[in-house]
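The values are calculated or read from the model by the stated rules, or taken from the named source; none is laboratory data. If you're wondering where the values come from, they're calculated on a predicted model, not measured in any experiment. Cβ atoms come from the backbone with ideal geometry, glycine included; neighbour counts cover every protein chain shown. Side chains are part of the model used for accessible areas, which takes the heavy atoms of the whole protein and leaves out ligands, DNA and RNA. Shrake-Rupley method; radii C 1.70, N 1.55, O 1.52, S 1.80 Å.
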Amino acid sequence: MGTATESTDTERLWGGAITAILVALVGGALVFPERVYYGFIWHYFWGPVLADAKSAQCAAYADGSVSYLYDAAACSAAAEPVAYPGYTLVSEVGYAITMLLALLGVVFMLRRLDVGQDRELFYALFPFMLFGGALRVVEDAFDGLSPADAAITFPWNTLIISPIIYFTMFAITLAALLGGIWLKRSEITDTYLYPLAGVGTALLATSIAYLTNLAFTTEYVDFFPQISVVVLVGATLVTWLTWEAVKRYAPEVNQGTEKMGLVVIWAHSVDGVANVVGIDWAKELGLPADLVPKHPVNRALIGVGEQFPEPVVDLIGTAWPFLVVKIVAAVFVVWVFDEEIFEESPRYAILLLVAIVAVGLGPGTRDMLRATFGI
């Protein structure tokens, strides 16, 4: 009885926190629109999405209206608030908090449905982690297509632009999960996991097929399969070397996650290698130009790589510190998720690992596919 009471109290605390945040944001936006909405919500969260959706250099708010600017100098000269496509440290912290609150909500839901405590859920959700990155590249492709050729146009394309796409993916995945649970409880299937994995795999295959079709039917989208081959082979090699080192020198690191830890390291290896390949070696592999990083942390780590002597930069590029940090962080995560965490709260541990994999594999898949299709 004590455990049930504690669970109910935790759910009420979570609900109270969500309500307080919503009241503060919505109430503040209504009472102080210039400061709270345009100065914070629009500046750091919604404005960057709009600028990206319009393929603009930035979006600027002034005197009650929003302007989309397509020149870097005009953006620099515009009065704040000015929103640029991509992320800022403020937005990344905000999205991290949102993700944790959402995961807690899903944990409470799975607990009430009495599912999700098995590790198989982690693997069933794996296709969705790849699908998120592929779907983002589909939107990237729309930027170079005419409205008649694009499958989705403004404002609906905002649903698949980062970071709104994370909410879209969350809704799609949750719907697939609940659908799988319904099929099992209706005795249509023996398990909810296979339908869940099937939906994710079908969505991923559809996205790749759509991009492939664009590559052969439009001039904007091209096809460089060698990019994906190099990234996947490189990430797998890095993962194997890291995993073998962990097993030999620190076997206690992966005792809690077991094979899930291998997936965590591989996911972040894909992100790291995709950055190295896209930023430093894309032209050497046939692309017209190298990719440009959007995340502030990524840009900062590239700045570290640029500090090395020119011969070193010419040999290994500047993006390699990002790969190193990714691998170190992934191993640290695997070490933190020990056996005790899975015994005390298996659902939360599994979902948090899913989120950690998605944070690496989503951007990594996007970077890899952007380069593969020359977008």
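Structure data summary
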{"item": "Ranking by accessible area, most exposed first, for MET109, MET169 with a 1.4 Å probe", "result": "MET109, MET169"}
{"item": "Distant-in-sequence amide H partners of VAL82 (H built 1.01 Å from N, under 5 Å)", "result": "none"}
{"item": "Length-normalised contact order of the range 211-307 in % [C-alpha pairs under 8 Å, at least 6 apart]", "result": "25 percent"}
{"item": "Inter-label distance, nm, simple model (7 Å from Cα along the C-beta direction), TYR70/VAL336", "result": "4.4 nm"}
{"item": "Estimated [θ] at 222 nm from DSSP helical runs (n ≥ 4, -39500 (n - 2.57)) normalised by residues in the chain, nearest 500", "result": "-22500 deg cm²/dmol"}
{"item": "With every protein chain in place, the range 24-152: carbon and sulfur % of accessible area (1.4 Å)", "result": "63 percent"}
{"item": "Kirkwood hydrodynamic radius over Cα pairs of the range 48-122, then Stokes diffusion coefficient at 37 °C and 0.692 mPa s, in µm²/s", "result": "216 µm²/s"}
{"item": "For the chain: span of alpha carbons on each principal axis (Å, largest first)", "result": "64, 57, 43"}
{"item": "Contour excess over end-to-end distance, with Cα ends at TRP156 and MET109 and 0.36 nm allotted per residue", "result": "14.0 nm"}
{"item": "Net charge of neighbours whose Cβ lies under 14 Å from the Cβ of ALA56, counting Lys and Arg as +1 and Asp and Glu as -1", "result": "-2"}
{"item": "25 Å Cα-Cα reach of LYS54 towards lysines, excluding residues that sit fewer than 8 places from it in its own chain", "result": "LYS294"}
{"item": "Of the GluC sites (Glu not before Pro) in the range 93-188, those whose Cβ has at most 12 other Cβ within 10 Å and which sit in DSSP loop", "result": "GLU187"}
{"item": "Radius 12 Å from Cβ of VAL264, net charge of other residues (Lys, Arg +1; Asp, Glu -1)", "result": "0"}
{"item": "Part-to-part distance (alpha-carbon centres) for the range 302-356 and the range 224-255, which is given in Å", "result": "12 Å"}
{"item": "Shape category assigned to the range 192-340 from the gyration tensor of Cα positions, a/c cut at 1.5", "result": "oblate"}
{"item": "Using θ = phi - 60° and Karplus 6.51 cos²θ - 1.76 cosθ + 1.60, couplings along the range 364-375 (whole Hz; Gly, Pro as x)", "result": "x, 5, 4, 4, 5, 6, 4, 5, 4, 9, x, 9"}
{"item": "Table column - 3J(HN,Hα) (Hz), the range 93-108, Karplus curve with 6.51, -1.76, 1.60, x for Gly and Pro", "result": "5, x, 6, 5, 5, 4, 4, 5, 5, 5, 4, 4, x, 5, 4, 4"}
{"item": "Per residue accessible area of the range 17-108, 1.4 Å probe, in Å²", "result": "53 Å²"}
{"item": "Only Lys, Arg (+1) and Asp, Glu (-1) charged, at Cβ; the chain dipole about Cα centre in debye", "result": "440 debye"}
{"item": "Nitroxide proxy distance, nm - points 7 Å out along Cα→Cβ at ILE97 and ASP63", "result": "3.4 nm"}
{"item": "Pair ILE316, THR218: separation of 7 Å Cα→Cβ label points (nm)", "result": "3.8 nm"}
{"item": "Extreme residue, positive dipole direction of the range 124-244, given options VAL138, MET169, ILE208 (C-beta unit charges)", "result": "MET169"}
{"item": "Listed residues PHE108, PHE32, PHE170, most fluctuating in the chain (Gaussian network, C-alpha, under 10 Å)", "result": "PHE32"}
{"item": "Residue-span extension gain [ARG119 to LEU25] - 0.36 nm each, minus C-alpha spacing", "result": "30.2 nm"}
{"item": "³J(HN,Hα), Karplus 6.51/-1.76/1.60, whole Hz, each residue of the range 346-355, x for Gly, Pro", "result": "x, 5, 5, 4, 5, 5, 5, 5, 4, 5"}
{"item": "Protein accessible area in the range 219-375, 1.4 Å probe - carbon and sulfur %", "result": "66 percent"}
{"item": "Rounded FRET efficiency, nearest 0.05, which uses the C-beta distance separating THR189 from ALA250 and R0 of 41 Å", "result": "0.50"}
{"item": "Environment charge at ALA358 (Cβ cut-off 15 Å; Lys +1, Arg +1, Asp -1, Glu -1)", "result": "0"}
{"item": "Relative contact order for the chain, counting Cα pairs under 8 Å that sit 6 or more residues apart, in percent", "result": "20 percent"}
